[in-house]
1. So for the stretch 186-204 (the condition being within 30 Å of Y384 (Cα to Cα) and within 21 Å of the chain's Cα centre (by Cα)), does at least one residue qualify?
2. Out of all the residues in the stretch 257-275, which are closer than 19 Å to M336 by Cα and either charged (D, E, K, R) or not assigned by TED's automatic domain parsing to the domain that holds W294 (or both)?
3. Filter the stretch 77-99 down to the residues that are of a type in the set (A, V, I, L, M) and over 15 Å from E193 (Cβ atoms), then identify the one that is surrounded by the fewest Cβ atoms within 10 Å (Cβ to Cβ).
4. Residues in the stretch 100-113: is at least one over 18 Å from H156 (Cα atoms), out of contact with any His (no Cβ under 8 Å at 6 or more places or on another chain), surrounded by 14 or more Cβ atoms within 10 Å (Cβ to Cβ) and of a type in the set (A, V, I, L, M)?
5. Is there a residue in the stretch 137-144 that is surrounded by 14 or more Cβ atoms within 10 Å (Cβ to Cβ) and more than 22 Å from E182 (Cβ to Cβ)?
6. If we keep just the residues of the stretch 228-259 that are among the small types (G, A, S) and in contact (Cβ under 8 Å) with a residue 40 or more places away in the chain, which is surrounded by the most Cβ atoms within 10 Å (Cβ to Cβ)?
7. Which pairs turn up if I take residues in the stretch 53-68 that are closer than 11 Å to I90 by Cβ and look for partners that are β-branched (V, I, T) and in a strand (DSSP E or B) with beta carbon separation below 7 Å, at least 6 apart in sequence or on another chain?
8. Hey, among the residues in the stretch 328-380 that are hydroxyl-bearing (S, T, Y) and part of a strand (DSSP E or B), which one's nearest to L222 (Cα to Cα)?
Amino acid sequence: MGFYTHYALFLILSLHVLVSSLIILSVNSYSKAEYFIMVNTKYYVTTASGLEDVTWAEISTKLKNVTLDEKKPERLLFNYSGDHKNLLKIRSAENIYIHIGTIKGLTRSRNSLGDIFRAVSSFDFDNALLIHKELHGGKGKKRLTFRIYSSMDSRHNFRRVDAQNSAVSALEKKHDWKLDLETPILEFQMDLENDSALFGLKITDERLHRWGYKNSHVPASLKPSIAHCLVLLSNPIPSDIFIDPMCGAGTISIERAFAYPYQQIIAGDISGESISSARENIRSSHKSIDLMFWNVSAIPIKDRSIDKLVSNLPFGRQTGSHSENQYLYAIFFKEMKRIMKPNGKAVLLTTERALMKNIIARYRDIKIDKQIYIEISGLRACIYVLNF
């Protein structure tokens, strides 16, 4: 071989050694390495049943170099090779995980417990630990602590906790990590479904990264992830004058403030408890939101002044009743029709499907753009996207 051939081989070998030195990590402790090589990594997110497409729309909009690998009810698997910190900008997902591996070929037999132990023992955690450290920090060498949550939606001749304990034993014996059920450094999730088990490392920390503002709650308050999905369905744009007329703890309005720029956000409620709760959460969010006390039968807003309206209507279960909703929904729709601009959009969440069908039929100029059925707190609810 000539000089240039030898030189090219030398460069390739040197690059290989450099990359290897940057991504090698002791599985017993965090590395002190300050450099990070971004590689294509598989992740998965969990979301409310029925909102998978909304969550994927947010992921594919906010992240570059991302491809969908698999969509299942309440879960999306995807490949991503960009800046891992951008993952924490995804607000419509309940949790985000690094996909460590999938255990296949499980049976109903207790022999599968050994298969789980061997599979978890063989998993490569190096890249996942680097990403976790990149997102959450970690100083010096420290023995890693962990816990595992698990689910099992199919019948086996062993309990969910038995499968979980097999995975715990694998991590303790293979990596010398310490089980910590209170304040672990690492939190794993293992989901058994028929003949396979999905194993992932959770990278979201709701209190620290996404939903730390929600310190106060009221009955029937929405999860921020679902609230964000409702906001996304309103097609937010910077010129929006946005309103939530039954704001509760203020979650929807705050999530709108986190979604995109806006001209004005207005939130209101008739409940003093809700106003106090919303005020506390808005203060924690550091967002500019106008909070008002009102009755939806007489909203103090000018005619045709609102671009987008998003609200979680009373279901008549935890708050109110069906008979109360019959009156409330009727007067609310009358006020909503008055304050919405032509070509405005409303997104409403409720379980009162028959009542909504009856009331919407009274307004010829309110058109149903979408109806999305979701599971929320064990109830089948519907999201109505309405065009004016």
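1. yes
2. D269
3. Here the residue is L88.
4. Checking the stretch 100-113: at least one residue is over 18 Å from H156 (Cα atoms), out of contact with any His (no Cβ under 8 Å at 6 or more places or on another chain), surrounded by 14 or more Cβ atoms within 10 Å (Cβ to Cβ) and of a type in the set (A, V, I, L, M).
5. no
6. Of everything passing the filter in the stretch 228-259, G250 is surrounded by the most Cβ atoms within 10 Å (Cβ to Cβ).
7. The qualifying pairs are T55/V45; I59/V66; S60/V66.
8. So, considering only residues that are hydroxyl-bearing (S, T, Y) and part of a strand (DSSP E or B), the one nearest to L222 (Cα to Cα) is T350.
The values are calculated or read from the model by the stated rules, or taken from the named source; none is laboratory data. Predicted model only: the values in this text are computed from it and were never measured. All Cβ positions, even for glycine, are placed from backbone atoms using ideal geometry, and neighbour counts span all protein chains on display.
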